[in-house]
Amino acid sequence: MFVNKQAVLELLDETKISYQRVEHEAVYTIDEMKKLNLPDADCIAKNLFVRDDKKQHFYLVSVQEEKPIDLKKLREIIGSRRLSFASEKDLQEIMGLEKGSVTPFGVLNDKNKNVKVFIDARFNNRLIAIHPNENTMTVWLKTADLIELLRDHGRSVEMINLV
């Protein structure tokens, strides 16, 4: 079953996870998100879909939107080979997502459960704002609830410190 925006919202409701949502025009970058002047902007996550140089391991990394990402440092932190951004084709084939819609919820579409999720420790004990598999809406929920939901669905999720 493909988990689209509606399915994500239904899953949140079924699991009684408290969340807020805002519908908005499609956004493809963090800069476009900033222009929307959404509430709790400091909770907005920048989500990156990366892979190792052999295309054997894929990772979804969620960081605070203003946090620059050093792929060499990330590689050391997660214990990976050299990292680069995954292609749009990989994004579509593995998580069923389009460019601009990258989100931890996307791993629910990873049939093989190969994508590992890493969330910046700055989101610990806070809200995180992410797309529900479509870039026309943003949802805010507790990071702990997101982690529990993904783990309950057999996904690998780890908090990492990206100081």
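The values are calculated or read from the model by the stated rules, or taken from the named source; none is laboratory data. These figures come from a predicted structure and were not determined experimentally. Positions of Cβ are backbone-derived with ideal geometry, glycine not excepted, and every protein chain shown enters the neighbour counts.
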Is one or more of the residues making up the range 25-37 more than 21 Å from ALA144 (Cβ to Cβ), of a type in the set (A, V, I, L, M) and in contact with a His (Cβ under 7 Å, 6 or more places away or on another chain)?
yes
Check off (1) in contact with a helix residue (DSSP H, G or I) (Cβ under 6 Å, 6 or more places away or on another chain); (2) modelled with pLDDT of 95 or more for LYS99 and give me the number that stays unchecked.
(2)
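How many residues are on the phi > 0 side of the Ramachandran plot and surrounded by 12 or more Cβ atoms within 10 Å (Cβ to Cβ) if we restrict to the range 15-46? Before the answer, list the steps.
Residues of the range 15-46 that are on the phi > 0 side of the Ramachandran plot, as a first pass: 16, 37, 40.
Among the residues that remain, those that are also surrounded by 12 or more Cβ atoms within 10 Å (Cβ to Cβ) are: 40.
Residues flagged as on the phi > 0 side of the Ramachandran plot and surrounded by 12 or more Cβ atoms within 10 Å (Cβ to Cβ) within the range 15-46 amount to 1.
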In the range 118-163, anything under 20 Å from GLN92 (Cα atoms) and either out of contact with any helix residue (DSSP H, G or I) (no Cβ under 8 Å at 6 or more places or on another chain) or among the charged types (D, E, K, R) (or both) is listed as GLU134, ASN135, ARG155, SER156
Condition first: of a type in the set (A, V, I, L, M, F, W, C) and buried (at least 18 other Cβ atoms within 10 Å of the Cβ). Now tell me which residues in the range 109-131 satisfy that.
VAL115, VAL117, PHE118, ILE119, PHE123, LEU127, ILE128, ALA129, ILE130
Could you tell me which numbered condition LEU12 fails, if it satisfies all but one of (1) surrounded by 11 or more Cβ atoms within 10 Å (Cβ to Cβ); (2) farther than 23 Å from ARG155 by Cα?
(2)
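Which one of LEU83, LEU91 is closer than 17 Å to LYS113 by Cα and surrounded by 17 or more Cβ atoms within 10 Å (Cβ to Cβ)? Before you say what the answer is, go through the steps one by one.
Numbers: LEU83 fails: closer than 17 Å to LYS113 by Cα.
Just one listed residue meets the conditions, LEU91.
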Pairs needed: first member in the range 5-22, free of Cβ contacts under 8 Å to residues at least 60 places away in the same chain; second member anywhere, of a type in the set (Phe, Trp, Tyr); C-beta distance under 9 Å; at least 6 residues apart or different chains.
ASP13/TYR19
How many residues are more than 16 Å from TRP140 (Cβ to Cβ) and charged (D, E, K, R) if we restrict to the range 1-15?
2
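Kindly state which helices (runs of 4 or more DSSP H) lie completely within the range 1-104 and contain at least 3 residues that are among the basic types (Lys, Arg) and closer than 21 Å to ALA121 by Cβ.
On the way: elements: 5-14, 30-35, 71-78.
Answer list for the range 1-104: 71-78.
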